[in-house]
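Following: one structure in structure tokens, then a few remarks.
The values are calculated or read from the model by the stated rules, or taken from the named source; none is laboratory data. Just so it is clear, the structure is predicted and the values come from calculations on it, not from any experiment. Don't worry about glycine lacking a Cβ; one is built from the backbone with ideal geometry, like all the others, and counts go over all protein chains shown.
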Amino acid sequence: MTTDINTIAAELEAAKADLAQWERLTSAADRLKALTVSFDQARIAQAKADEAAAKEAAEARFKGLTNIRVTSSGGGGVLSQQFLIRWTAPVYDMYSMAAVPQPHERPGFETIPDNVLAFLIERHPEEIPAAIMALAPGDPAAAMSEYFRARQRGYVKGTAAE
């Protein structure tokens, strides 16, 4: 062994570093398990937060929309029928300085705002007329999409054809 104090001090520091590394390596498996559990919990919490934010954003689109009704008139096939859509939505009233519910009415699905159409499809598919639902039974979004395509084409394809 060397008796030089500087050499001994350097070897002592190297031994301490080796011991610290050995301790890190022997506890690595336990740290890995703990970090994996923490990561999984954080990932689940983040997914829940993202889901809640998406749900809140979806709810914001429909804020205040209520009482949606669709009436049809005219006979024949789906393209010859006329539809009247009524709903209630908040409108800013300058006298009360607040958003108050007001009834709205539009002729035809092409004239209603996108959020009202989404509200109809997602929240009240039972209000979609049977003639339109016959275009894609059981799938309101597909039925409305096929209705709009049929309006553009000027005719209905498939079993629901006029």
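Some notes on this structure:
- Gly75 satisfies every condition listed in (1) small (Gly, Ala, Ser); (2) surrounded by 12 or more Cβ atoms within 10 Å (Cβ to Cβ); (3) not in a strand (DSSP E or B) except (2).
- Residue within the stretch 60-67 that is among the hydrophobic types (A, V, I, L, M, F, W, C), in contact with a Gly (Cβ under 6 Å, 6 or more places away or on another chain), free of Cβ contacts under 8 Å to residues at least 40 places away in the same chain and under 30 Å from Pro129 (Cα atoms) present: no
- Output for the stretch 78-99, where each listed residue is of a type outside the set (Ser, Thr, Tyr) and more than 27 Å from the chain's Cα centre (by Cα): Val78, Leu79, Gln81, Gln82, Phe83, Leu84, Asp93, Met94, Met97, Ala98
- Residues in the stretch 119-146 that are assigned to a helix (DSSP H, G or I), under 24 Å from the mean Cα position of the chain (by Cα), touching a residue at least 24 places away in the same chain (Cβ under 8 Å) and buried (at least 16 other Cβ atoms within 10 Å of the Cβ): Phe119, Leu120, Glu127, Met144.
- Residues that are acidic (Asp, Glu), exposed (fewer than 10 other Cβ atoms within 10 Å of the Cβ) and more than 30 Å from Phe109 (Cα to Cα), drawn from the stretch 20-72: Asp30
- So Ala58, is it small (Gly, Ala, Ser) and under 25 Å from Ala150 (Cβ atoms): no
- A single member of Ser96, Ser73, Ser80 is touching a strand residue (DSSP E or B) at 6+ places or on another chain (Cβ under 7 Å) and in the same structural domain as Ser145 (by TED's automatic domain parsing), and it is Ser73.
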